[in-house]
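The values are calculated or read from the model by the stated rules, or taken from the named source; none is laboratory data. Keep in mind that this is a model prediction, so the values were computed, not measured. Virtual Cβ from ideal backbone geometry, glycine too; neighbours counted across all protein chains shown.
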Amino acid sequence: MKVKDQNLLKNLDLINFWEPFDREIPTMRVGAREILVDLKKKQGEVKINSDIVKGVAPKEFTKPFVFSFNTTNQREALLPLFEAMRDMAELISENSDFTDELLPDAYLKSEYLKYSSKMMGWLYSFKGRDREVFRSRYYNFYRRLGQYNYYHNAFQRSMRTVKAYIASNDHSGLSQVGFVAARRAGIPTIYIQHASVSENFPPLSADIAFLDGEDAKEKYLAAGATKTKIHLVGSLKYDPYLKRREIDETKELVGVCIGMVYHEVDENFKLCEALEKAGTPFCLRFHPLMDEAVQKSFTDRGWEISDKEEKAPDFILRCGSIVSGDSNILLEAIILKRQPIYFASTGVSIDYYGFVEQEICKRACLTFGEVISQLSEEFDLTYHRQKAKRYNDTLGTENEGKSTELVLGILRTAIPQI
């Protein structure tokens, strides 16, 4: 396999070297036979749906700034800037909640089949762990390679119009495809952080990166060499919330957040029972993908549940304290002047983001009883919020709540057309 081809797969997040492979990837591993069968199947599907494939017109962008957001978190991170640049901004997305212009599956498969002659070479050229990742992620390839072909052609066709491509992390999905497609077409790329960064993240590859704070900068620089121009601007998505009246109001409600990993459901259930017994008002917030049966065990008790449509900052501002395992919502809480309590409900403190080590949270609570105890203690909001400046550079400065304006000012210098 040519190095160029290998790099394409890596950059599209198809052969991924930074995620925890053993935990994330299914045990299924395709071989040569499965690949050949799949290619034949896709050829049949494309033939049957030839009218749909032919109906997809080549895209040409009409606005100078192309944004991509595909998850709610990405949308919230980018929306302040997107709205500020609305007359000059255009959106691409693979989320039907955000756009009506979705690429048909049959079309993506037709574009993917252009790589069919390379598949066996790819299978055998990767070695060791890389080959296992390839074999495990094979069935995801068609969507990303199909999107890459379509948008790379669109960027090439629109080079006189498009001034920059703007997206957020997760370093995967269409956002990442857009970065690769734009970069290979010679279009400047701009990255905006949307969540806390861990040591597992890959190096930055965009031309310009707007990061929340020093913590993200250090971790990205430790990930590997980069030519990216980094600016620390805080987080755009908090701008409107930091200006709201209730930011300085005292609240009694305890927000109990239950996620998908590093959360022990039974221990959280005991916490809710203890809060109920003590007469402490609380509200539950589940990860959007949480199993419905698990949620039902809580709702059957009649406990208040945050609506799935309620945004995290709105939920936080209703509360006086936020209890959660390893989640970015703890940082969001301190930014929005609420007490974050780290509940390592599995009994083991992972401190994945370092919020305890950096004193964003007072200490790790390993049992529900320790959470109850910490809720009754004094909390020095000013002290712990100052510690959070490492994660959000504008906290406590004249630019707090003005991150969008900071980004626009920098972009006007870098790209005078704004």
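With the condition kept exactly as written, say whether any residue in the range 115-129 is polar (S, T, N, Q), surrounded by fewer than 18 Cβ atoms within 10 Å (Cβ to Cβ) and either closer than 19 Å to Gly44 by Cα or touching a helix residue (DSSP H, G or I) at 6+ places or on another chain (Cβ under 6 Å) (or both).
Yes: the range 115-129 contains one or more residues that are polar (S, T, N, Q), surrounded by fewer than 18 Cβ atoms within 10 Å (Cβ to Cβ) and either closer than 19 Å to Gly44 by Cα or touching a helix residue (DSSP H, G or I) at 6+ places or on another chain (Cβ under 6 Å) (or both).
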Which helices (runs of 4 or more DSSP H) sit wholly inside the range 137-223 and have at least 2 residues that are closer than 18 Å to Asn7 by Cβ? 141-157, 173-184
Based on this model, can you work out whether Thr280 counts as of a type in the set (Ser, Thr, Tyr), farther than 24 Å from Thr367 by Cβ and assigned by TED's automatic domain parsing to the domain that holds Arg363? no
When you go through Lys217, Lys227 one by one, which is the residue that is assigned by TED's automatic domain parsing to the domain that holds Ala77 and surrounded by 18 or more Cβ atoms within 10 Å (Cβ to Cβ)? Lys217
Within the range 289-303, restricting to residues that are exposed (fewer than 13 other Cβ atoms within 10 Å of the Cβ) and either part of a loop (DSSP other than H, G, I, E, B) or acidic (Asp, Glu) (or both), the one that is nearest to the chain's Cα centre (by Cα) is Leu289
Helices (runs of 4 or more DSSP H) enclosed by the range 1-72 - at least 2 residues per element that are modelled with pLDDT under 80 and surrounded by fewer than 16 Cβ atoms within 10 Å (Cβ to Cβ): 3-11, 21-24
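Working only within the range 272-288, note down all residues that are in a loop (DSSP other than H, G, I, E, B), over 16 Å from Glu370 (Cα atoms) and modelled with pLDDT of 95 or more.
Gly279, Pro281, listed by residue number.
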Please enumerate the residues belonging to the range 249-276 that are surrounded by 16 or more Cβ atoms within 10 Å (Cβ to Cβ) and among the hydroxyl-bearing types (Ser, Thr, Tyr). Tyr262
Odd one out for Phe343, checked against (1) surrounded by 22 or more Cβ atoms within 10 Å (Cβ to Cβ); (2) out of contact with any helix residue (DSSP H, G or I) (no Cβ under 9 Å at 6 or more places or on another chain); (3) not basic (Lys, Arg): (2)
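Would you confirm whether any residue within the range 147-156 is within 21 Å of Leu411 (Cβ to Cβ) and surrounded by 22 or more Cβ atoms within 10 Å (Cβ to Cβ)? Give the steps one after another, and end with the answer.
Here is the first cut: in the range 147-156, the ones within 21 Å of Leu411 (Cβ to Cβ) are 155.
From the residues that got through so far, the ones that are surrounded by 22 or more Cβ atoms within 10 Å (Cβ to Cβ) too are 155.
Yes, the range 147-156 contains a residue that is within 21 Å of Leu411 (Cβ to Cβ) and surrounded by 22 or more Cβ atoms within 10 Å (Cβ to Cβ).
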With the first residue restricted to the range 303-316 and required to be at pLDDT below 95, and the second required to be surrounded by fewer than 13 Cβ atoms within 10 Å (Cβ to Cβ) and in a loop (DSSP other than H, G, I, E, B), Cβ contacts under 9 Å at 6 or more apart or on different chains are Lys308/Pro288
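Kindly provide the set of residues from the range 86-111 that are of a type in the set (A, V, I, L, M) and out of contact with any strand residue (DSSP E or B) (no Cβ under 6 Å at 6 or more places or on another chain), ordered by number.
Hits for the range 86-111 are Leu102, Leu103, Ala106, Leu108.
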Helices (runs of 4 or more DSSP H) contained in the range 342-418 and holding at least 3 residues over 29 Å from Ile192 (Cβ atoms), more than 26 Å from the chain's Cα centre (by Cα) and of a type outside the set (Gly, Ala, Ser): 368-375
Hey, does the range 333-341 have a residue that's of a type in the set (A, V, I, L, M, F, W, C), farther than 25 Å from Ala77 by Cβ and part of a helix (DSSP H, G or I)? no
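Counting only residues that are among the small types (Gly, Ala, Ser) and more than 18 Å from Leu8 (Cα to Cα), which one in the range 163-207 is surrounded by the most Cβ atoms within 10 Å (Cβ to Cβ)?
Only one residue fits best here, namely Ala167.
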